[in-house]
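Student: To start, I am sharing the structure in question, which I have written as structure tokens.
Readers should treat all values here as calculations from the given coordinates under stated rules, not as data from a laboratory. Bear in mind that the values here come from a model prediction, so they are computed numbers and not experimental data. Here the Cβ positions follow ideal geometry from the backbone for every residue, glycine too, while neighbour counts run over all protein chains shown.
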Amino acid sequence: MSQRTFSIIKPDAVKKGHAGAILAEIEKAGFKIVSIKKVSISKTQAEGFYYVHKERPFFGELTEFMSSGPIFPVVLEKDNAIADLRKLMGATDPAKAEEGTIRKQFAASIGENAIHGSDAEETAAFEIGYFFAGFELK
Ligand code: CMP
């Protein structure tokens, strides 16, 4: 069944000029781009987005990085979108990511790992709503 997921092309990938190549991989894998925008977020806005990780030792580093430059939040649609995007992204740590995955090709480290993808339906709903209004999701 068709499902929506949420992704972010992270500041490292945007800075290196990899956003287009990453979106091309995503489209090639059968995802439809429902909505996309380019934004820069504050550290406070990054903290709100990643609040589930607020007790983690890397929270400061993560929110500092995510507010360090422009990002592309994206809403994607496909059958089994959540699991399929995570497979296409590869492991969080690019050193452990499989050949051909986005992180294997474009990520530098566990922090600067090029792309984010929702891990479950509830998270996808929260994350889509964090960045997009209903009228932007037709
Ligand atoms: P993401 O899928 O965006 O969700 C949470 C992020 O935290 C994850 O990708 C990583 O970029 C980041 N992260 C996870 N572990 C670490 C770590 N040990 N150090 C820095 N960042 C981390």
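Student: Please work out which residue is farthest from the ligand (Cβ to nearest atom), limiting yourself to segment 66-92 and to residues that are outside any loop (DSSP other than H, G, I, E, B) and over 13 Å from residue 115 (Cβ atoms).
Tutor: Step by step, filter segment 66-92, then rank; the result is 79.
Student: Taking the stated definitions as given, is residue 100 surrounded by fewer than 20 Cβ atoms within 10 Å (Cβ to Cβ), part of a loop (DSSP other than H, G, I, E, B) and touching an Asp or Glu at 6+ places or on another chain (Cβ under 7 Å)?
Tutor: No.
Student: Still on this structure: Among the residues of segment 35-59, write down those that are farther than 15 Å from residue 116 by Cβ and of a type in the set (S, T, N, Q).
Tutor: Within segment 35-59, 35, 40, 42, 44 qualify.
Student: Cβ-Cβ under 6 Å, sequence separation 6+ or interchain: first residue in segment 38-55 and closer than 20 Å to residue 122 by Cα, partner small (Gly, Ala, Ser). Which pairs?
Tutor: 46/67
Student: Can you name the condition, by its number, that residue 119 falls short on among (1) touching a Ser or Thr at 6+ places or on another chain (Cβ under 8 Å); (2) under 24 Å from residue 35 (Cβ atoms); (3) not in a helix (DSSP H, G or I)?
Tutor: (1)
Student: Follow-up question, since we're still on this one. How about segment 27-47: which of its residues are under 15 Å from the mean Cα position of the chain (by Cα) and either part of a loop (DSSP other than H, G, I, E, B) or among the small types (Gly, Ala, Ser) (or both)?
Tutor: Those that are under 15 Å from the mean Cα position of the chain (by Cα) and either part of a loop (DSSP other than H, G, I, E, B) or among the small types (Gly, Ala, Ser) (or both): 31, 35, 37, 38, 40, 41, 46.
Student: Here's something else I'd like to know. I'm trying to understand the selection: among the residues of segment 48-65, which are within 13 Å of the ligand (Cβ to nearest atom) and assigned to a helix (DSSP H, G or I)?
Tutor: Correct list: 49, 51, 52, 53, 59, 60, 61, 62, 63, 64, 65.
Student: In segment 105-128, which residue that is within 8 Å of the ligand (Cβ to nearest atom) and aliphatic (A, V, I, L, M) is farthest from residue 76 (Cα to Cα)?
Tutor: Among those residues, the one meeting the criterion is 110.
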